[in-house]
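S.K.: The structure's right below; bear with me while I get my questions together.
FYI, it's all coordinate maths here, none of it is from the lab. Note that this is a predicted model, so its numbers are computed, not measured.
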Amino acid sequence: MSNVTDVLNDIDNNVAYYNPSEDTSGKKYATIEEGSYEATVSKLTIKKDIVVRNQYLSDIFEATYKLDDERYPDLKGREVKSKGYFRFKTPDKKKYPKLEDNQGNNKGYMIFAEACGFEMQKDDQGRYLLPMVMESDIAGNPVTIKVVHDKWTDQSGDERITPTAINVFKSNRKVDKPVTEDELPF
């Protein structure tokens, strides 16, 4: 049980202030400027069966890229998210009777998959069969990303900038990936 002295000491030691002149929010990191950066895939979020414009069915792949610490030491540990790569798929007419096929708009997803190390094969009709990319397939793969500033306004009316990867390309770099337990021979 606390005594009166302990309670009074807690009150005295429990003082907190907000000092606007010392606010570091938004200034904590060096700005990621627009341009091309060497990076590795660090995360992949997949949103499945998204109806786009009430017309098409798509899975949306949102990649997160970690910038190369050695090449950009002032940006050490920084990551950039992509806008999302759409993988339009043929809708099941029983489940989605009003949706259409949209194979012609899968080029961005195909470029993303190729940049992450997948090789596309043409079928006898000249189409490319697109793989279902999973995070485990691409995590740690080196890529080159093009970053732009996505400008938006917050609830306070202040303009904010978010660096966003809009393009991804295959990198010439080689990155040593850690060996997983599944790859061990014993």
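S.K.: Please give the length that would be gained between LYS95 and SER156 if that part of the chain were fully extended, namely 0.36 nm times their separation in residues minus their C-alpha to C-alpha distance (nm, one decimal). Can you show the working numbers first?
M.R.: Values: separation 61, 0.36 × 61 = 21.96 nm, distance 4.27 nm.
Additional length available on full extension: 17.7 nm.
S.K.: How big is D for the range 39-169, in µm² s⁻¹ as a whole number, if Stokes-Einstein is applied with the Kirkwood radius of its Cα pairs at 20 °C and 1.002 mPa s?
M.R.: Numbers: Rh = 16.4 Å.
Result for D is 131 µm²/s.
S.K.: From the square roots a ≥ b ≥ c of the eigenvalues of the alpha-carbon gyration tensor of the range 120-175, which class results: rounded (a/c under 1.5), prolate (a/b over b/c), or oblate?
M.R.: Numbers: a/c = 2.90, a/b = 2.02, b/c = 1.43.
Note, shape of the range 120-175 comes out prolate.
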